[in-house]
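*Asks:* Provided herewith is a single structure, encoded as structure tokens, for subsequent inquiry.
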Amino acid sequence: MNYRELAVCYNCLSDFTMAKNPLIHLEHLTKYYGAMRVLDDVSLEIGSGVTGLLGPNGAGKSTLIKVLLGLVRFSNGSGEVLGFSLRREARNIRANVGYMVEDDSYLAGISGVEMVRFVARLSGLPSIEGLRRAHEILDFCGIEQERYRNVETYSTGMRQKLKFAQAIVHDPPLLVLDEPTSGLDPEERERMLSRIRVLANHGKAVLLSTHILPDVQTVCDDVVIIVNGRIRLVEKLEVLSRPASPAYQVRVIGQPDALISRIQQENIEVTVAESGVITLPTSDETVVKRVWKWADEVEVGIRSLVPAKNSLEQIFLDAVREGKSANT
Amino acid sequence: MPIHDLGYRGWKGKLSPYAMRWWVIATNGIKIAWRSFWLRRMLLLAWAPALTMGLGFFLYEQYRDVFEDPQTAMLLDGFGRAVSILPNADSVVDGMQEARRLPLLERQAALADLRHDVWALLLLTFFRYPQGVLMVLIVGLIAPPLISSDLRTRAFLFYFSRPITHGEYILGKAAVVWCYLMMITMVPSLVLYVFGVLLSPDLSVVYDTWDLPIRIIIASAILLIPTTALALMFSSLTSESRFAGYAWFSVWALGWVAYLILTVATTNIDRPMRSGRFAVESHSIDIQEIVEEQPIVEGWTEVSLIHMLWKVEGYVFGLEEDVSDVLPSAVILLLLTFFAIYVLQRRVSAPTRV
């Protein structure tokens with residue numbers, strides 16, 4: 001059964017998002033605004049799970065999202081979302097995608113619950129069912145009694161949660177979230193990310209566009225980096241995080257100097273980051289065990305000793321740099 | 001966290017067809033507009049003229065037998081004066097005056113012949129004066145924030161990220177205005193018509209006047225479509241609804257003032273000067289005499305929206321018979337509607353174009 005067939009039984013879609021067919025499939029997509037090429041020969045396949053869409057400002061992320069929703073027409077190429085053609089079936093795509101806008105937007109003159117109900121009805125839910133579902137989703141999003149207040153009185157964080165609620169109210173199989181954690185305090189940010197993870201566990205596919213790299217590292221399974229309208233990198237986060245050569249990273253409580261000296265006495269070369277993280281270029285577990293002993297000898301407390309991972313920030317910066325140099 | 005919170009749950013159910021999504025926008029807009037205290041008052045006020053017209057129907061249908069009464073003659077004179085500015089009003093009033101002098105049976109036959117025109121005249125009076133003015137006020141209350149508030153709060157993407165087209169969005173917003181305008185034009189007019197039928201001696205009046213409900217619907221459409229398109233266009237041009245409101249009222253007020261100035265000026269120019277007496281002793285001229293001597297020059301209808309609407313409505317009710325006289329107004333209204341819809345479509349699609 002493909003997604004087109006699934007769309008007939010729309011509600012079954014979420015049960016099938018783990019299918020092998022790509023949910024988003026783009027081929028040589030190009031988009032011009034006047035003479036400016038904002039999407040340049042974009043070919044991309046995105047499957048289930050949470051995919052982080054990264055890129056510097058003006059890279060073309062928002063345009064790519066609008067193209068995926070059929071809101072803007074592209075100049076060349078072709079594509080499908082959930083098996084629906086981008087050119088001919090944009091309406092079906094929008095019926096099956098939940099989109100959380102980046103802007104601080106809301107519907108004036110109504111309460112939170114009325115707004116979510118209204119959006120549910122726009123998505124096709126019957127009136128009473130829309131109200132029931134709106135309450136259910138607002139519970140999930142942590143909007144309690146505030147739901148009866150006029151949306152215009154909401155704080156930025158509340159509006160962010162409300163935008164998230166309206167995106168998922170119709171239970172779409174694919175979610176496109178544009179900066180879902182911006183404007184949230186650390187605690188709310190954590191909750192928002194956990195909600196995204198819950199949705200992913202329910203079989204939803206999520207495309208997460210964000211500038212906040214730790215968010216990507218927390219919830220994403222895959223990463224797409226777009227620079228100057230070109231896709232620079234599509235990879236699993238797990239693969240990206242794996243260092244080129246095996247290594248371990250040690251974080252200590254307090255000053256690491258004593259431990260570094262002690263390790264160096266054993267003729268082991270270490271690198272130390274500005275943050276004080278010590279990297280041991282080895283996969284030998286006996287060495288790792290001995291590090292605990294050396295730390296004990298020099299009375300340094302170890303906070304963590306884990307296999308090294310590549311920094312997403314570094315990967316991102318490398319991709320952006322590569323993208324820019326390729327253009328010049 | 002609520003005690004009943006069960007985390008995320010999926011939803012299964014039947015979705016409504018795409019074709020009805022505009023209705024959701026419309027009902028939401030109607031509900032929000034209804035919260036306005038002033039709108040509710042205005043709607044109440046808008047039904048008062050219908051009661052007056054109802055009295056007209058009542059008098060015409062119930063007092064035919066006492067048409068020879070001097071009081072009835074006075075009422076007819078008053079009515080004649082009130083509607084004298086309407087097209088074909090003179091002949092209708094003259095016909096009624098003549099019928100007064102006929103014997104009962106002939107009078108009844110003559111009045112039955114006049115019924116269609118009298119009803120049409122009453123309905124046109126209702127459409128033109130009270131409802132024409134109230135239409136401007138009510139649309140001025142409802143329409144300005146309809147699109148401008150979506151611009152201000154950047155709500156466009158909430159709509160267009162759903163299976164909604166730009167056309168459906170506009171249709172939904174227009175339906176909000178149509179709903180309230182129909183409540184003050186089409187609905188009371190149809191109620192008046194039914195009231196007239198119920199007061200009539202027999203149901204044969206339906207045969208004589210079957211076209212009036214259709215004319216009411218067409219006249220309502222003529223009132224609704226250009227005005228709504230114009231009001232929504234203003235609303236889409238700004239994120240500040242008050243500016244849209246100013247523009248809306250200005251168009252009607254300035255058009256009316258321009259019409260009056262030009263009409264009066266032209267009438268005075270056309271009036272033969274009596275050896276300069278007019279200029280020197282204008283205060284001594286009997287205004288009634290001028291009006292009777294000099295019919296008002298009706299050449300400036302096209303500068304005023306309300307006068308153009310009135311003219312076309314007169315034609316729809318069969319009281320304005322000269323097509324060449326009505327055509328310029330009809331064409332201008334049509335072009336204005338197309339222009340407004342074009343601008344509206346461009347403005348509404350602008351936020352998703354870039």
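*Asks:* Would you point out which residue out of A:29, A:64 is part of a helix (DSSP H, G or I), more than 13 Å from every other protein chain (Cβ to nearest Cβ) and touching a Leu at 6+ places or on another chain (Cβ under 7 Å)?
*Replies:* On the way: A:29 fails: part of a helix (DSSP H, G or I).
Sole residue among the options that is part of a helix (DSSP H, G or I), more than 13 Å from every other protein chain (Cβ to nearest Cβ) and touching a Leu at 6+ places or on another chain (Cβ under 7 Å): A:64.
For (1) open to solvent by less than 40 Å² (accessible area, probe 1.4 Å); (2) of a type in the set (Phe, Trp, Tyr), each residue gets a yes or a no:
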{"residue": "A:221", "(1), (2)": "no, no"}
{"residue": "A:235", "(1), (2)": "no, no"}
{"residue": "A:243", "(1), (2)": "yes, no"}
{"residue": "A:257", "(1), (2)": "no, no"}
{"residue": "A:268", "(1), (2)": "yes, no"}
{"residue": "A:275", "(1), (2)": "no, no"}
{"residue": "A:292", "(1), (2)": "no, yes"}
{"residue": "A:318", "(1), (2)": "no, no"}
{"residue": "A:321", "(1), (2)": "no, no"}
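*Asks:* Additional query: Scan region A:122-130 and give yes if some residue there is more than 29 Å from residue B:17 (Cβ to Cβ), surrounded by fewer than 19 Cβ atoms within 10 Å (Cβ to Cβ), more than 24 Å from the chain's Cα centre (by Cα) and at the interface with another protein chain (Cβ under 8 Å from one of its Cβ atoms), otherwise no.
*Replies:* Pass one, region A:122-130, residues more than 29 Å from residue B:17 (Cβ to Cβ): none.
Within region A:122-130, none of the residues are more than 29 Å from residue B:17 (Cβ to Cβ), surrounded by fewer than 19 Cβ atoms within 10 Å (Cβ to Cβ), more than 24 Å from the chain's Cα centre (by Cα) and at the interface with another protein chain (Cβ under 8 Å from one of its Cβ atoms).
*Asks:* Another question about this same structure. Can you tell me how many residues in region B:193-228 are open to solvent by 10 Å² or more (accessible area, probe 1.4 Å) and either more than 25 Å from residue B:249 (Cβ to Cβ) or small (Gly, Ala, Ser) (or both)?
*Replies:* Residues that pass the stated criteria total 22.
*Asks:* While we're here: Considering region A:64-77 alone, what residues qualify as being modelled with pLDDT under 90 and open to solvent by less than 20 Å² (accessible area, probe 1.4 Å)?
*Replies:* Result: A:72, A:74.
*Asks:* Can you name every residue in region B:290-325 that is of a type in the set (Asp, Glu), modelled with pLDDT of 80 or more and open to solvent by 40 Å² or more (accessible area, probe 1.4 Å)? Give the steps one after another, and end with the answer.
*Replies:* So in region B:290-325, the residues of a type in the set (Asp, Glu) come out as B:292-293, B:298, B:302, B:313, B:320-322, B:325.
If we keep only those that are modelled with pLDDT of 80 or more as well, we get B:302, B:313, B:322, B:325.
Residues satisfying the conditions are B:302, B:322, B:325.
Each row is one residue, and each column tells you yes or no for (1) within 30 Å of residue A:201 (Cβ to Cβ); (2) touching a helix residue (DSSP H, G or I) at 6+ places or on another chain (Cβ under 8 Å).
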residue: A:230; (1), (2): no, yes
residue: A:257; (1), (2): no, no
residue: A:290; (1), (2): no, no
residue: A:308; (1), (2): yes, no
residue: A:321; (1), (2): no, no
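*Asks:* Would you mind finding the one in A:179, A:190, A:152 that is within 18 Å of the chain's Cα centre (by Cα) and surrounded by fewer than 15 Cβ atoms within 10 Å (Cβ to Cβ)?
*Replies:* Values: A:179 fails: surrounded by fewer than 15 Cβ atoms within 10 Å (Cβ to Cβ); A:152 fails: within 18 Å of the chain's Cα centre (by Cα).
Going through A:179, A:190, A:152 in turn, just one is within 18 Å of the chain's Cα centre (by Cα) and surrounded by fewer than 15 Cβ atoms within 10 Å (Cβ to Cβ): A:190.
*Asks:* In region B:123-152, what residues are at the interface with another protein chain (Cβ under 8 Å from one of its Cβ atoms) and in contact with an Asp or Glu (Cβ under 8 Å, 6 or more places away or on another chain)? Talk me through it step by step, then tell me what you get.
*Replies:* Looking only at region B:123-152, we keep the residues that are at the interface with another protein chain (Cβ under 8 Å from one of its Cβ atoms), and these are B:145, B:149-150, B:152.
The answer is B:152, and nothing else.
*Asks:* Follow-up question, since we're still on this one. Just name the residue that is nearest to residue B:224 (Cα to Cα) out of those in region B:163-178 that are of a type in the set (A, V, I, L, M) and over 20 Å from the mean Cα position of the chain (by Cα). Full working, then the answer.
*Replies:* Pass one, region B:163-178, residues of a type in the set (A, V, I, L, M): B:164, B:170-171, B:174-177.
Filter again for over 20 Å from the mean Cα position of the chain (by Cα), leaving B:164, B:170.
Working: B:164: 23, B:170: 14 Å.
So the residue we want is B:170.
*Asks:* If residue B:44 passes every condition in (1) surrounded by fewer than 16 Cβ atoms within 10 Å (Cβ to Cβ); (2) at the interface with chain A (Cβ under 10 Å from one of its Cβ atoms) but one, which one does it miss?
*Replies:* Every listed condition holds for residue B:44 apart from (2).
*Asks:* Let me ask something additional. Collect the residues in region B:153-178 that are free of Cβ contacts under 8 Å to residues at least 60 places away in the same chain, facing another protein chain (nearest Cβ under 10 Å) and open to solvent by less than 10 Å² (accessible area, probe 1.4 Å), keeping them in residue-number order.
*Replies:* B:153, B:155, B:158, B:161
*Asks:* Tell me whether region A:83-93 contains one or more residues that are modelled with pLDDT under 85 and surrounded by 22 or more Cβ atoms within 10 Å (Cβ to Cβ). Spell out how you get there, then give the answer.
*Replies:* Of the residues in region A:83-93, the ones modelled with pLDDT under 85 are none.
Checked against the condition, which is being modelled with pLDDT under 85 and surrounded by 22 or more Cβ atoms within 10 Å (Cβ to Cβ), region A:83-93 yields no hits at all.
*Asks:* What number goes with the only condition from (1) part of a helix (DSSP H, G or I); (2) within 19 Å of the chain's Cα centre (by Cα); (3) within 28 Å of residue A:81 (Cα to Cα) that residue A:134 does not pass?
*Replies:* In the conditions (1) part of a helix (DSSP H, G or I); (2) within 19 Å of the chain's Cα centre (by Cα); (3) within 28 Å of residue A:81 (Cα to Cα), residue A:134 misses (2) alone.
*Asks:* Take residue B:224 and tell me if it is assigned to a helix (DSSP H, G or I), within 14 Å of chain A (Cβ to nearest Cβ) and either at negative phi or touching a Gly at 6+ places or on another chain (Cβ under 8 Å) (or both). Full working, then the answer.
*Replies:* Working: assigned to a helix (DSSP H, G or I): yes; within 14 Å of chain A (Cβ to nearest Cβ): no; either at negative phi or touching a Gly at 6+ places or on another chain (Cβ under 8 Å) (or both): yes.
Spelling it out, it is not the case that residue B:224 is assigned to a helix (DSSP H, G or I), within 14 Å of chain A (Cβ to nearest Cβ) and either at negative phi or touching a Gly at 6+ places or on another chain (Cβ under 8 Å) (or both).
The values are calculated or read from the model by the stated rules, or taken from the named source; none is laboratory data. Small disclaimer: the values here were computed from a predicted structure and weren't measured. Note: ideal-geometry Cβ built from the backbone for every residue, glycine included; neighbour counts use all protein chains shown. The accessibility values were calculated without ligands, DNA or RNA, using every heavy atom of the protein model including side chains. Shrake-Rupley method; radii C 1.70, N 1.55, O 1.52, S 1.80 Å.
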